[in-house]
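The block underneath contains the structure these notes are about, expressed in structure tokens.
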Amino acid sequence: MVPTNYYLILSAILFGLGVLAFVFKRNVITIFMAIELMLNAVNLAFVAFSRALGKSDGEVFVLFVIIVAAAEAAVGLGIIILTARNRRSLNVERVDLLKL
Amino acid sequence: MTASVIIFFVLAALAVLASVSLILQRHPIHSALSLIVVMVALAGLYLLMGAEFVAAVQIIVYGGAVMVLFVFVIMLLNAGEEERTNFSKLATFGGIPLALALSGMIAAGIARSSSQLATSPATAEGAISSTRQLSMLLFKDFVYPFELTSFLILIAILGAIVLAQREN
Amino acid sequence: MSEFLAKYAFLIVPLIKVAILVFAVLTVDAYLTWLERKVIAHIQARWGPHRVGPHGLLQPLADGIKFILKEDPMPAGVDKIGYFLAPFLTLTLAVTSLSVIPFGPDIKAFGYVTNFGIADVNVSLLVLFAITALGVYGVALAGWASNNKYSLLGGLRSSAQMISYELALTLSVVGVLLIAGDLSLKHIVEYQENGNLGLLGWNLFGFAKDHAGFTQIIGFVCFFIAAIAETNRVPFDLPEAESELVAGFHTEYASMKFAMFFIGEYTSMIAVSCLATILFFGGWLSPFPAYWTFTHYLPSVILIPFGLWVIFDGVRYETIFGRILLPGVGATLTAIGAALFLFPAANDVIQGPFWFFAKVFVFLFFYIWMRGTLPRFRYDQLMDFGWKILLPVSIGNVVLTSAFLLWRMH
């Protein structure tokens, strides 16, 4: 039996690494992937609590998070493709003006 | 050290190493591959906890559809390696220690808590399987959000189609 | 010694099963290539390989030696991680998908009951779909990492095709899940058991004994078509067609890495055929009613005449090597058939796997037959078919099955 704390600590570490990747990477797609990593860390915490309490409510919420993340990835990547085509660069530091 | 704890540490180490690799790799496709490894490791952890359906859905949807979308976009946009621009030194020398301190404080707070919950991987004898329990919840108590997510996916599909249209 | 074995049996038995399975799968793959070349050749009114060994039976061995000894070049400018990872991923995922398939009922030996497959998971069907979903990466990475426009095009087309048909594949199985109510492949087979009607209890016909069932013919047709598209076989093999895109996503791969793609494709063909027999054709169940116990001798009835015919054909073969090898093979087959006839215990064990492998063989033959007969789809026809025809028909099957089951429950 693995204590719940182990899973929560792992979730916190993964979340922190996701924040690091979000802040320090310059490619907009990599930043988006860091968001997915943070969502995954949160999913892990949900499932850990769900199994610890014996109910399946947490797992239902994890399913919803996965579905919403998939929808968000689809639309977000569409936006990224359009923006990248307009500015011809995937570097977020070049997207610092409202005007093209 | 039971077998469960050993497997937990192996999968946790794999997940953390893959996340570190996501940060350190220069080409976005290698970061995408690292993220896929993280997701598979997390699916293994869900299996260890006994949530089999969530583990399978994680691999099928997240690892097999969302990440494929990422990989396709990286291939289509021909994203090259990251440039080495140094717009801010404060971020590097102030940011990394702060981010590590954030996760360290959360982890320490959790470790010091006196909660006695333990995740039980196996259901009791005669209990219904976790998939069945999950589906009963999903289709009885949570049926309204479930139908709403189908609308959400429809809206996302429409949005993606509109965004991907060529300008005429 | 026996206490050590008893204590660690849960670890040793799966290891033995894994070793047997890997060895068996690689051999079956090799001889599947032989069968394919011979069958397609005979469809096209020619002989196929018949020089290397009697009837070309040693051709796979020659191919294997060629793959090992040939130079394995790596083109300049490839992305090294992706280039090395792609064939490895394809092969590993394909062979892993065979680990959750039950080849027969439980084995009871030496007082130890064990599953006839390697892993008995509650959600084995979902595990198979997860592995299929991950298989897209092998193709996409191979196409992109090769630093070649044609490979990239072939890889992108092939992965788009695989993702589109994955939806129809998953939905066409939901009808079976509604009937069986369980995700475990072993339980799905056990639900199709109908002692008196035999064949009709299978999910294809749907007259199961204790619970309501509905014929899953539409589901089976959708599943099989989607499975052919998933494994990139004719008529859906535009991404790797030789006349269209050089060789598609595996253009830049040679020798051992190409062999890994090749073996991965044939292994996923075998996995999908096993899945089709389990879900729709009753797995290891016999098509005859249970009280026709004389059908238990069918393996012997097939093996003994076949072995005698091989001996008879072998002694008149052209080459000396054939005159030695073929009668030897024939004698082995006849001996196995006679042993099954004389030892009922062995005969009982072999019943389940015999029917399972017979059905899988029929599906594989059907795959090869289609390759020799049908032309290939154009890419836009392929995508149209997947999204506009196959997906709605699968969803219609789900609706129909659930309506029927609801009506039966009242």
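Couple of notes before you dig in:
- Test result for C:Val329, within 25 Å of the chain's Cα centre (by Cα), at pLDDT below 90, surrounded by 17 or more Cβ atoms within 10 Å (Cβ to Cβ) and β-branched (Val, Ile, Thr): no
- Residue check: A:Val60 meets all listed conditions (1) closer than 30 Å to B:Gln133 by Cβ; (2) more than 7 Å from chain B (Cβ to nearest Cβ) but one, namely (2).
- Inter-residue pairs, beta-carbon under 9 Å, first within 9 Å of chain A (Cβ to nearest Cβ) and in segment B:131-156, second loosely packed, with under 15 Cβ neighbours inside 10 Å and hydrophobic (A, V, I, L, M, F, W, C), 6+ apart: B:Gln133/B:Ala127; B:Met136/B:Ile128; B:Phe146/B:Phe139
- Residue match in segment C:129-146 (condition: outside any helix (DSSP H, G or I) and surrounded by fewer than 23 Cβ atoms within 10 Å (Cβ to Cβ)): no
- Test: C:Ile336 is over 30 Å from C:Phe205 (Cα atoms) and in contact (Cβ under 8 Å) with a residue 24 or more places away in the chain: yes
- Scanning segment C:83-120 for residues that are among the aliphatic types (A, V, I, L, M), in contact (Cβ under 8 Å) with a residue 12 or more places away in the chain and either surrounded by fewer than 19 Cβ atoms within 10 Å (Cβ to Cβ) or more than 12 Å from every other protein chain (Cβ to nearest Cβ) (or both) yields a count of 9.
- Consider segment A:25-42 and keep the residues that are part of a helix (DSSP H, G or I) and within 7 Å of another protein chain (Cβ to nearest Cβ). The one that is farthest from B:Ala111 (Cα to Cα) is A:Ile29.
- Looking across C:Val349, C:Val329, one residue alone is in a helix (DSSP H, G or I) and touching a strand residue (DSSP E or B) at 6+ places or on another chain (Cβ under 9 Å). It is C:Val349.
- Matching residues in segment C:353-397 - criterion: being basic (Lys, Arg) and surrounded by fewer than 17 Cβ atoms within 10 Å (Cβ to Cβ): C:Arg378, C:Lys388
- Checked against (1) within 11 Å of chain C (Cβ to nearest Cβ); (2) without any contact (Cβ under 8 Å) to a residue 40 or more places away in the chain, B:Val10 passes all but a single condition, namely (1).
- In segment C:153-185, the residues that are surrounded by fewer than 21 Cβ atoms within 10 Å (Cβ to Cβ), of a type outside the set (Gly, Ala, Ser) and assigned to a helix (DSSP H, G or I): C:Leu153, C:Leu156, C:Ile163, C:Leu167, C:Thr170, C:Val174, C:Leu177, C:Leu178
- Summed over segment B:1-56, residues that are within 20 Å of A:Pro3 (Cβ to Cβ) and not in a helix (DSSP H, G or I) total 4.
- Hey, C:Gln381 without any contact (Cβ under 8 Å) to a residue 24 or more places away in the chain, out of contact with any strand residue (DSSP E or B) (no Cβ under 8 Å at 6 or more places or on another chain) and of a type in the set (S, T, N, Q) or not: yes
- Condition met for A:Val75 (within 30 Å of A:Leu44 (Cα to Cα), crowded, with 19+ Cβ neighbours inside 10 Å and within 7 Å of another protein chain (Cβ to nearest Cβ)): no
- Residue match in segment B:43-54 (condition: surrounded by fewer than 22 Cβ atoms within 10 Å (Cβ to Cβ), more than 10 Å from chain A (Cβ to nearest Cβ), closer than 29 Å to B:Leu163 by Cα and modelled with pLDDT under 95): no
- Of the residues in segment C:31-38, not one is modelled with pLDDT under 90 and not basic (Lys, Arg).
- Exactly one residue among B:Gly159, B:Gly95 is at pLDDT below 80 and either more than 9 Å from chain A (Cβ to nearest Cβ) or surrounded by 11 or more Cβ atoms within 10 Å (Cβ to Cβ) (or both), and that residue is B:Gly95.
- Scanning segment A:81-100 for residues that are within 20 Å of the chain's Cα centre (by Cα), assigned to a helix (DSSP H, G or I) and either within 7 Å of another protein chain (Cβ to nearest Cβ) or more than 14 Å from A:Asn27 (Cα to Cα) (or both) turns up just one, A:Ile81.
- Selection count where residues are surrounded by fewer than 16 Cβ atoms within 10 Å (Cβ to Cβ) and of a type in the set (Gly, Ala, Ser), scope segment C:1-48: 6
- Residue in segment B:106-126 that is of a type outside the set (Val, Ile, Thr), farther than 21 Å from B:Met49 by Cα, under 24 Å from the mean Cα position of the chain (by Cα) and modelled with pLDDT of 80 or more present: yes
- Residues of segment C:292-311 include none that is polar (S, T, N, Q), in contact with a Ser or Thr (Cβ under 7 Å, 6 or more places away or on another chain) and crowded, with 21+ Cβ neighbours inside 10 Å.
- Single residue of B:Gly44, B:Gly50, B:Gly80 found to be touching a residue at least 24 places away in the same chain (Cβ under 8 Å) and on the phi > 0 side of the Ramachandran plot: B:Gly50
- There is no residue in segment A:35-42 that is crowded, with 20+ Cβ neighbours inside 10 Å and among the β-branched types (Val, Ile, Thr).
- Residue in segment C:356-375 that is in contact with a Leu (Cβ under 9 Å, 6 or more places away or on another chain) and over 30 Å from C:Glu36 (Cβ atoms) present: no
- In this structure, B:Gly50 does satisfy being under 29 Å from A:Phe61 (Cα atoms) and of a type outside the set (A, V, I, L, M).
- For segment B:19-28, a residue qualifies if it is within 14 Å of chain C (Cβ to nearest Cβ) and surrounded by fewer than 23 Cβ atoms within 10 Å (Cβ to Cβ), and the qualifying residues are B:Ser21, B:Leu24, B:Gln25, B:Arg26, B:His27.
The values are calculated or read from the model by the stated rules, or taken from the named source; none is laboratory data. Quantities reported herein were computed from a predicted structural model and do not represent experimental measurements. We place every Cβ from the backbone using ideal geometry, glycine too, and count neighbours over all the protein chains shown.
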